Structures are given as C-alpha cells and as structure tokens.
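For reference, the structure discussed in these notes is given below.
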Amino acid sequence: MFENLTERLSDTLRKVTGQAKLTEDNISDALREVRMALLEADVALPVVKDFIEGVRQRALGQEVMRSLTPGQEFIRVVRAELERVMGESNADLNLAAQPPAVIMMAGLQGAGKTTTVGKLARFLKERKKKSVMVVSADVYRPAAIKQLETLAQSVGVEFFPSTSEQDPVDIAKGAIEAARRKFLDVVILDTAGRLHVDGAMMDEIKRLHQAAQPVETLFVVDAMTGQDAANTAKAFNDALPLTGVVLTKADGDARGGAALSVRHITGKPIKFLGMGEKTEALEPFHPDRMASRILGMGDVLSLIEEAERKLDRDKAEKLTKKLKKGKSFDLEDFRDQLQQMKNMGGIAGLLDKLPGMGQLTQVAQQQVNDKSLGRLEAIINSMTPHERRFPDVINNSRKRRIAMGSGTDIQDVNRLLKQHKQMQKMMKKFTQKGAMANMMRGMKGMMPPGGGFPPFGR
C-alpha cells in the first residue's frame, strides 16, 4: 500500500532537503509535486486542496523548530498534515455497553464485509479477550451465511444460525437475545450488501440499525476503489450514524488514496486496515504510523507489536540457551527462523515497516521474496534429521538427493548451505560476551540527534 505515493513524495522531498531556507518559491514547486503525487494516488480533490493549503500555511508560518534544517522542517510539516488528514490518533472500538455490545458492519457487496467479520471476531477474542458471537443478516446470499459459519469455526467464536427465509430484524434480535443468555461480550452483525447504493438497501439497513442499537457501526470499504470509496462512505454516513471505517484489501492497493480521503469526507475515523486474506490480517489503524510509512520512514512500533504477538518466545529462549551452551546453530534452527518470518507476514510485511527502505523494498523483494523462503524451507524438509543437525555431512550425492526431493537444483542447495554458514557465524557473534551491548551502542551512534530514524534512509 502507498508504494507509488511514497516513491513520488520521497523524490519531491529530497529536492527540498537541499534548500537553505523555506521560501514561497521552493515551497510552491514542492507543493505542485506533492499535489500531483496525491492526485495520482487517487486522493479526492477536496482533500488534496485542503492538504496542500494546510502544508503551505504551516511551512510558511511560525512553526519552525530551530533544531531542524529547512528540509527536515518541510518533511515534519508534511507528516503532521498527513496525520491530521487521517485522524491524528488511533480510534479504538467503544465496547463500553451492557453486554452484549453489538457491532454492525455495513458496506457494498464485494467490499469484504463477511471476511472482515471473521477477522474482527478473531481480533476481539485474541487481543481484547472478549467472548464473541457472529451472525449474518444477509438473507439475499445463502452462501454468505455459510461462509460466516465456516469463519466462525476457524477462529473459534459462537455462530448464530440464520436462513434466507427470515427477516433480517428478527435474525438480529434473536442473535442478541441468544448472546445475552450465554453472557457473551460482543455480537458482530453482518448485513447485506448491494452492487451499488440504492434506496431499498438503505431503508433495510436503517431498520436493522434501529432494532439492533449497535454501539459501533463500521463501514467496510474496498481500498482499491480509490475515490469511489470516499463517495460511497459519504452516502452510508448520510444514512447511518457511522462510528468508524474499515479499509479492506489495503495490501493490494499501491496508491492508497482511499485512506487519505475517507476520514476527511466522512469525518469518521479509520479504525482498521485489512491487510490480506488470512483471519489474522487485520491491523488497528494508526495515522501517525501510517504517515511514517507513506514518507518511507517505516513503522517500527507496529513491527515490534507484531513480533511480540507472533514470535514463538519458547523457541527463541530455547535457541538462546542452546547457543550459550556453545552448541551450533543448525539447519533445524534455520528452518524455525524461516517459519517465524512467514508468521510475521513474510518479506513484504517486514520490509514495508522497516525505516528508510522506500524504493529499496521492491529491489529487495526481487532478490529475496516469500517464494524463495518457501523454497529454502522445502530444501531443509528434504534432508534427514541427522543432516539438519550436522550440515557438514552433506556431500555431493546427498545434495543431489536433497535437490530432487525438494524440486530444486544443486546450486539452490549450495546457496542455502552458504546462507546457513553466514547465519551461523552471526549467531556466534551474538552470543559472545558483550556483543549485543556493543551492537546497541553502535546503533545508538548511528541515530540522528533527538532519536528516531532519518527519512528515506539518509
């Protein structure tokens, strides 16, 4: 997401960093470039105008910090405006209600409502420790009801059955009553979508909203629809008291215009981003972190939070103890590291959040991508347990057998063994006394004054 916008803004802001001071002239040139970058990213025109004017006023006003150069100051201003347009801070779900708290999902057909219900149910269960029931009031698509039942089973939450013969209001009331009897915390209500906004659809959803009295009414919209996403959001916002927006398929949109437009046009916060098809691929939306990603500065906080959630601590501790005892880092350990990386969203997920990557992300992905990680894992799986523990025994005949078993070439096997040797040396250095402390001191020395990562890897 935002690859095109990040690339254009990075080029534009680099030109400004060489200026001695911010003037009307050099700002006008930069703002013209920023304006074009935003329009190419499919940001709605009123949002672009407001954004450009906000940057102009801040940049030429009194908001100049003495510790920053004019170029750094301009980047700071652009980042602050991006945060303002997207909402300034993360808006959490408000579930402070007499249980069960009802969350209603609204949106067009194909936006990903049903999948988002499954993702949100898992998010609430695992991260908020809530007991959840999901229910489908989409009586026009029996397949949607079946899909939600399958999702509920896969994420381990309650499912309230419904049929296409029932009235949506009766379904909603029945689910809420059932959840109340079971003392559940949250009911997530999936509603019917249409291919376009129409009167009948809006009348039905208003009736449903009145009956369910949800504490959260979330508008689910496909990020890849660009400006149309903002226009559709406005139509729903006029009809329903929306409390927030969920942008789906955000991983597939290189432009990212919807994220910048929806908040401004509806006045409602973006609460979540759908970043893939898996049920765990739902991220809380943080405008400040997203602004950093747009400007190529990465999103280290989200990366740390994800690592804390997804990395296997037991395996990490076991590996640390093993290395401290003087035992070597073998190929089974290497395979564990590859699997952990896949759990973190693969190479693309990691690079997107690393600071200073910018245009390097695509280059790095061409060299090492998720497909190549899978190939490495297949090679290791084709080895015997003895070969994984003692890689030095792997001779040419064993390499031929391993290559045939994994559907790769001998060169691929050699490459893996070389990468493993390099990682083995690195692991030895980490376990040497004081090595980690020295590395941290070295990193601290590389940081710019005042902390934080330099933009664009400079």
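Some points to look at:
- Inter-site label distance for GLN422 and ASP238 at 7 Å from Cα along Cβ, in nm: 5.8
- Counted by neighbouring Cβ atoms within 10 Å, the residues SER28, SER328, SER136, SER406 run from fewest to most as SER28, SER328, SER406, SER136.
- Per-peptide packing, taken as the mean over residues of other Cβ atoms within 10 Å, places 419-427, 46-54, 279-287 in the sequence 279-287, 46-54, 419-427 from highest down.
- Placing +1 on the Cβ of every Lys and Arg and -1 on the Cβ of every Asp and Glu, with no other charges, gives region 101-295 a dipole of roughly 620 debye about its Cα centre.
- In nm, spacing of pseudo-spin labels at VAL169 and ARG141 (7 Å Cα→C-beta vector): 2.4
- With R₀ fixed at 56 Å, the C-beta to C-beta distance from MET404 to SER131 puts the FRET efficiency at about 0.65.
- Computed from the C-beta positions of ARG181 and GLN109, the FRET efficiency with R₀ = 30 Å rounds to 0.40.
- Charge sum, other residues only, whose C-beta stays under 11 Å from SER131's C-beta, Lys/Arg counted +1 and Asp/Glu -1: +3
- Full-stretch length increase - GLN210, ASN381 - with 0.36 nm per residue and alpha-carbon distance subtracted: 56.0 nm
- Size of region 101-295 from its Cα atoms: along the principal axes, largest to smallest, the extents are 49, 38, 27 Å.
- Label point distance in nm, ARG194-LYS278, each placed 7 Å from Cα along Cα→Cβ: 3.7
Any read-out appearing in this document is the output of simple, stated calculations on the displayed coordinates, not a laboratory observation. What you see is a predicted model; the values in this text were computed from it and never measured. Here the Cβ is made from the backbone with ideal geometry for all residues, glycine too, and neighbour counts use every protein chain on show.
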